[in-house]
Amino acid sequence: MSAPATSIKGRAFGDHVLLALVILLSIVMIAPVLWVIGLSLKDNAELMADPNSVFHAPYTLKNYINTVGTSSVFIWVRNSIIVSGGLTLGTLILSSLAGYGFARLNFPGRDVLFVIVLFGLAVPEQAVLVARHQIFSMLKFHNTYQGLILPGLSAPFGVFLMTQYFKAIPKELDEAAMLDNASRLRIFWKVLLPLTLPAQATLGIFTFLGAWNDYFWPLISATRKDMFTLTVGMASTQTNFAQSEGIGFLMAQAVFAGAPILIVYLFFQKYIVTAVSGAAVR
Amino acid sequence: MADRLAMSPTATLAVGVRAPTADIYAPQWRNFIFVAPFLFFFTTLLLFPLLWGMWLSFHKADTFSSGNFVGLGNYARLYHDKVFLQSIWNTFYFVLLTVPTLALIGLFLALCLNRRTRTAAVLRTLFFSSSVLSVTIVTLIWRIVFIPNVGLLSTIYGWFGATAPAFISDPSLAMVGIAIATIWWCIGLPMMLFLSALQQIPQDIYEAAALDNANRWQTLRSITLPSIKRTFILVIIIQIVLQFQLFGQAWLMTRGGPNNLTKPIVLYIYDTAFRRWDLGLGAAASEILFILILVAAMAQYLVTRSRGDQA
């Protein structure tokens, strides 16, 4: 591309150094994961005797069979799916409606309200947790699905994203429909919403991933084992590290919990990267 | 119907077809219905708790009662609480360990992987992949790296007959261990932000530089780096806001120990409010955190806004 052939030798040397560094960093990225997978395939007694036994047979699927058979992982996965799915659906609905409202319609106090919503973007979760926890105690919402889902619906990011997106759609589209005397709801539903599908995908994936990986709120709200989300449940088994079930079992559980999200990532990579970087810059 | 008749200035100026379209942009109460559902949750679960949290911070409160007014008592207690002061220091120390490293490694990776080869694409995928994992899995992975006996690190050191540094139990290394796990977890975002900034640099500048026989170092120093200066600042601020909220890694890897040396502010809030149920004190601590994060968020807003102006 840009190669003046002045110092090919020095250049090749520099390239090798950079390549070596990138390879080194890649190894740092991969090695811990391979280690975890390796341990998950080993018998616990053998591991304790010599960790180097990871590098040779016999390997066993016993830890995975135990994971599927005995741990509560399935209940936690179910809870995580309900919570993340519910929150994603709710966020998409609320954000699309509000985004359309703020971008296209006018009502008294609109601009002031929008500024207040924008201010909400700067409020960290920790600033509202204590009061939120007290409110939910009074409503008896802890250890329920609504207790885990509802707080996420107050996050302003989706509204901000959808408002920007609706604003970018040419006004001529809905004005034409308006002239045909279509109702606002119809225009929103039939004309504009289909155009926002890419934004819906981005927001949906971002919300789902955030809810799936959320740790703090589920930790303080779901205290009963059968209401744990996957993140909290996995954390609860970590506390008795290296005892009881054994390292291999814990590692199998980690692989079991981590693999699906990594596979999803490989398929939806483009959307996930856009969603995460977009949310950071906002 | 009255507001339908009240024409806006544009409507009076426009002729024929334009008139009805100008009319629809006049303020109408019924339009409020579209934003009402979101505003309901926003008000009850964000604004109200925010204000209530401030109010709580002036009270001695537990789970079910809001207790007695103590004025600035909770803040005074924080000021004299060695553990809280330690947690502020710990948080800053952690930010100092992680943020510059994340920015520099992220920039390095972006510069190396900003090309259209298949290998570069695979490596980009690899370096971002850890970001989709939950904190629970990340800490599980890194504890199994750091743990004595069966840990990856101690196994590698064992090959050379050496003893691995105790990244979790050694007081001077525990925070470094948490920082390493965090950098591993979070490296994807800075890399991606730098990559998208690099792709926005116009190619013709590079072509001009190539014609002037500029070498790679000169090109990097006088074209690439100045063009992404703003992104660099943005990455730093975003990471400060994110890393300031350290909680899961510290809680799961060290429980804040040894000796509270890895206890960050958020863990202090968790301990105070949700384990000792001293909600007033916990609320006061979260107000302090809120102010610290607000400052960083303001800086971010100013940086992003000025970028918008320039574009």
- Cross-link partners among lysines for B:K263, C-alpha distance below 21 Å, same-chain residues fewer than 8 apart left out? B:K82
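Can you give the net charge of the other residues whose Cβ lies under 15 Å from the Cβ of B:Y75, counting K and R as +1 and D and E as -1?
Working: positive: B:K60, B:R77; negative: B:D81, B:D278, B:E287.
Computed value for this residue: -1.
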- Note on the structure: Length gained if A:L61 through A:S236 is fully extended, taking 0.36 nm per residue and subtracting the Cα-Cα distance, is 60.7 nm
- Query: Rg to Rh for the stretch A:8-65: what is it, with Cα atoms only and Rh by Kirkwood?
  - Reply: 1.30
- Message: If I model a spin label as a point 7 Å beyond the Cα along the Cα-Cβ vector, how far apart are those points for A:I93 and A:L266 in nm?
- Response: 3.5
- Net charge near A:V22 (other residues with Cβ under 15 Å of its Cβ; Lys, Arg +1; Asp, Glu -1) is +2
- Query: Given H placed 1.01 Å from N in the peptide plane, which residues other than close sequence neighbours of B:H59 have an amide H under 5 Å from its amide H?
  - Reply: B:V70
- Message: Which residue fluctuates most in the GNM of chain B (Cα springs below 10 Å): B:N260, B:N31, B:N90?
- Response: B:N31
- Query: Taking Cα atoms, how many degrees apart are the long axis of helix A:126-138 and the longest axis of chain A, rounded to 10 and kept between 0 and 90?
  - Reply: 80
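Tally Lys and Arg at +1 and Asp and Glu at -1 over the other residues with C-beta under 15 Å from the C-beta of A:L185: what net charge comes out? Present the calculation step by step, with values, prior to reporting the outcome.
Numbers: positive: A:R104, A:R184, A:R186, A:K190, B:R30; negative: A:D174, A:D180.
Overall, the nearby charge balance is +3.
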- Treating the angle as unsigned and between 0 and 90°, give the value, to the nearest 10°, between the Cα long axis of helix A:247-281 and the longest Cα principal axis of chain A. 30
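Taking only C-alpha pairs under 8 Å that are 6+ residues apart, what is the relative contact order of the stretch B:76-310 in percent? Before the final figure, lay out the partial values.
On the way: 258 pairs, mean separation 65.1, N = 235.
Relative CO of the stretch B:76-310 lands at 28 percent.
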- Item | Convex hull (Cα only) mean projected area of the stretch B:76-310, reported in nm² to one decimal | 16.5
- Query: log10 I(q)/I(0), Debye, Cα-only the protein assembly as shown, no solvent, q = 0.07, 0.09, 0.10, 0.12 Å⁻¹?
  - Reply: -0.50, -0.81, -0.98, -1.32
- Task: Please identify every one of the trypsin sites (Lys or Arg not before Pro) in the stretch B:111-173 that sits in a loop by DSSP and has no more than 16 other beta carbons within 10 Å of its own beta carbon.
- Result: B:R115, B:R116
- Query: To one decimal place, what Kirkwood hydrodynamic radius in Å is obtained for chain A from all pairs of distinct Cα atoms?
  - Reply: 22.8
- Item | Candidates A:A222, A:A201, A:A176, ranked by Gaussian network fluctuation over chain A, Cα under 10 Å, top entry | A:A176
- Query: Shielding of B:45-57 by partners, i.e. mean partner chain Cβ atoms within 10 Å per residue?
  - Reply: 6
- Message: Between A:I30 and A:L185, what is the label-point separation in nm under the 7 Å Cα-to-beta-carbon projection?
- Response: 5.5
- Message: Please enumerate, by chain and number, the aspartates and glutamates with C-alpha under 19 Å from the C-alpha of A:K167, excluding those fewer than 8 residues away in the same chain.
- Response: A:D111, A:E175, B:D23, B:D309
- Task: Run the numbers on chain A and let me know its relative contact order in percent, using alpha-carbon pairs under 8 Å that are six or more apart.
- Result: 30
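Can you tell me the relative contact order of the stretch B:51-181? Whole percent, Cα pairs under 8 Å, sequence separation 6 or more. It would help to have the intermediate numbers written out before the result.
Working: 84 pairs, mean separation 17.4, N = 131.
About 13 percent, as a whole number.
Sum -39500 (n - 2.57) across every DSSP H segment of at least 4 residues in chain B, then divide by the residue count to get the 222 nm mean residue ellipticity, nearest 500.
Working: 18 runs with 200 residues, N = 311.
So the helix-based figure for chain B works out to -19500 deg cm²/dmol.
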- Relative to the first principal axis of the alpha-carbon coordinates of chain A, what is the inclination of helix A:8-40, with its axis defined by its Cα atoms, in degrees from 0 to 90 and to the nearest 10? 80
- Message: Skipping prolines and chain starts, which residues have an amide H placed within reach, meaning under 5 Å, of the one on B:T262, given they are 5 or more residues away or on another chain?
- Response: B:G257
- Message: Quick check: pseudo-label points 7 Å beyond the Cα along Cα→Cβ at B:A36 and A:A49, how many nm apart are they?
- Response: 7.2
- Query: Using the Kyte-Doolittle scale, which helices in chain B average at least -0.5 and also have C-alpha atoms spread 30 Å or more along the helix axis, with helices defined as whole DSSP H runs?
  - Reply: B:82-113, B:279-310
- Solution diffusion estimate, µm²/s, Stokes-Einstein, the stretch A:72-239, Kirkwood Rh from C-alpha pairs, 4 °C, viscosity 1.567 mPa s: 74
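None of the figures in this text is laboratory data; all of them are computed from the coordinates on show. Not measured: the values here are computed from a predicted model. Reconstructed Cβ throughout: ideal geometry from the backbone, glycine too, with neighbour counts over all protein chains shown.
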